[in-house]
Amino acid sequence: MTASAAGVHAGDVTVQGAPGENGADGVNPGDGGGDGGPGGPATASASSADSVNKATAFGGNGGDGGNGATFTDYGGDGGTGGAAKATAATTVISGSAGADALASGGNGGHGGRDRGFGPFYADGGSGEAATAIATGSSGSGSATVSASATGGSGRDGTGIGGSGADANASSTARANGSGDALSSANATAGGGGHGIDLSGSGGNAIATANASAAGGGKAIATAVATPGDSFFGLPSTAQATSDAETINGAMAQALSTGGPGNGTFGYVASSSTAKTSFAGVTTTATASAYAGKAAAIAQGGSAQTFVDPDAVSAISVALPDKAYATTLIDGASNVADALLGPGDEIFGASILNGGSSTFAFAYQGDLLLGVIDNLGFGIISNGVPIWIGDFGDDTVIDLSSFGFSGTIFGYGTFVFGGAVAETVPEASTWAMLVLGFAGLGLVGYRQARGAKPQAA
């Protein structure tokens, strides 16, 4: 469906804003060029009961300024672009859900020129903002949602260049059954236009992606934010934020990228959070970066064993299986001796490249930290930083006295574990989980690990 006005609601909507009129050229000496007209706004909304909804909005471009009649006559200013907003939403009880929103703000018009080599005072038109919002929810299947926003660009002028416009993209995917939740948001701000007196500043960009798989499917969230080129104008900013959460040890992955534009000196940042729970262990991986990538992965059983060297990253694994733990520990013999014995269990593993891993363990007995590779790290237990000394690679640290449910941050590779009794311990030896799990004993823990429980 294609429309030229707001207010259309259906499964697939496209709205195009009207272009601005060009300014008239001067005819007689002394006549300046006329200013270009503004582009029309566009608002598209797709929020029907369809399983897939798409909304696309394009703001109209501003008109160009007219030219002056002679070399002493000024050209007209370029018109501003039209704003664009696209909103797509879908909620289904059964089956998969999809929502896509795309918005592009209109570009400004070019400033007019005189006929010769006289003064230059015509300003370029500024772009207009773009906003894209997409939400999708499924009761049983997967949810795949994306939002993309591109701010309008400023145009060149013989006086001041037009300013680039902001872009804001927000995407939320929820899978309430066993399906996956996939969410992506991409925001690209408009660049400023060149000007002889002063160039225009670029726009700001915000991208936010959220993915939640409440039934244990994968949750993947990706956000990219790029500020507009400034060309020595005012600084522009970008913020990319991604958040992914699931349960039952399924993979939660969040990736955010904040990239600086040309000539950008503003604040550019990205942050990612991934969370999962698995048989009595809850873990959250977080990463934040300035002008780069931030990657976070949380999973149960196993995960990848490497990190992107170009990203600030964290990989958190709840209850890693023996094969994964053995691969991770590799030649760290002291850690292997302490935590890979027949009566030992590893409750968590963490690979950090500037990020952090937070763990909450049901088990509260003797807890050891195996430091496989130490490139500089710290620990916060129950909200309080703790000093554990200066340790090198392949060392084991006793955390029992801290009752560890906390955060490890920095750089390196680590595992948490301890000796598990062969008989069921007293209920008093088990603590409440931080997120509300109560009364979880060793029988439930061993069942979740696939071992046959022993009688008390």
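The values are calculated or read from the model by the stated rules, or taken from the named source; none is laboratory data. Just so it is clear, the structure is predicted and the values come from calculations on it, not from any experiment. Quick reminder, even Gly has a Cβ in these numbers, built from the backbone with ideal geometry, and neighbours come from all protein chains shown. Areas reflect the complete protein model, heavy atoms only, side chains present, ligands, DNA and RNA absent. Shrake-Rupley method; radii C 1.70, N 1.55, O 1.52, S 1.80 Å.
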* Report, ordered by the first and then the second residue, all pairs with beta carbons closer than 7 Å, sequence separation of six or more or different chains, a first member in region 40-69 that is closer than 25 Å to G95 by Cα, and a second member that is basic (K, R). => A46/K54
* State all residues of region 61-82 that are open to solvent by 20 Å² or more (accessible area, probe 1.4 Å) and not hydrophobic (A, V, I, L, M, F, W, C); if no residue qualifies, say none. => N61, D64, N67, T70, T72, Y74, D77, T80
* Subset of region 88-124 (residues that are at pLDDT below 95, closer than 29 Å to T208 by Cα and in a loop (DSSP other than H, G, I, E, B)) -> I93, S94, G95, S96
* In this structure, is D100 within 27 Å of G200 (Cβ to Cβ) and open to solvent by 10 Å² or more (accessible area, probe 1.4 Å)? -> no
* Top-ranked residue of region 385-436 - restricted to ones that are modelled with pLDDT under 75 and touching a helix residue (DSSP H, G or I) at 6+ places or on another chain (Cβ under 8 Å), ranked as surrounded by the fewest Cβ atoms within 10 Å (Cβ to Cβ) -> A421
* Structure fact -> When (1) of a type in the set (D, E, K, R); (2) over 17 Å from Q239 (Cα atoms); (3) modelled with pLDDT of 95 or more are applied to D156, the one that fails is (3)
* Structure fact -> Restricted to region 131-160 and to residues being over 23 Å from the mean Cα position of the chain (by Cα) and of a type in the set (S, T, Y), the residue surrounded by the fewest Cβ atoms within 10 Å (Cβ to Cβ) is S140
* Structure fact -> Every listed condition ((1) surrounded by fewer than 24 Cβ atoms within 10 Å (Cβ to Cβ); (2) more than 19 Å from S148 (Cβ to Cβ); (3) modelled with pLDDT of 95 or more) holds for T208 save (2)
* Which pairs do you get when a residue that is farther than 8 Å from A211 by Cβ, found in region 175-192, comes within reach of a residue that is among the acidic types (D, E), reach meaning Cβ atoms under 9 angstrom, with the pair 6+ apart or on two chains? -> A187/D166; A189/D166; A189/D229; G190/E128; G190/D166; G190/D229; G191/D229; G192/D229
* Failed item in (1) touching a Pro at 6+ places or on another chain (Cβ under 9 Å); (2) outside any loop (DSSP other than H, G, I, E, B); (3) surrounded by fewer than 24 Cβ atoms within 10 Å (Cβ to Cβ), with K85 passing the rest -> (3)
* Assess whether G228 counts as being modelled with pLDDT of 90 or more, open to solvent by less than 50 Å² (accessible area, probe 1.4 Å) and under 19 Å from G292 (Cβ atoms). => yes
* To do: Just give me the residues in region 346-373 being modelled with pLDDT of 90 or more, surrounded by fewer than 20 Cβ atoms within 10 Å (Cβ to Cβ) and not acidic (D, E), in sequence order.
  => G354
* Pick from region 30-60 the residues that are open to solvent by 70 Å² or more (accessible area, probe 1.4 Å), part of a loop (DSSP other than H, G, I, E, B) and at pLDDT 85 or above: which of them is farthest from A103 (Cα to Cα)? -> D35
* Asked: Hey, among the residues in region 161-181 that are surrounded by fewer than 24 Cβ atoms within 10 Å (Cβ to Cβ) and charged (D, E, K, R), which one's nearest to A132 (Cα to Cα)?
  -> R174
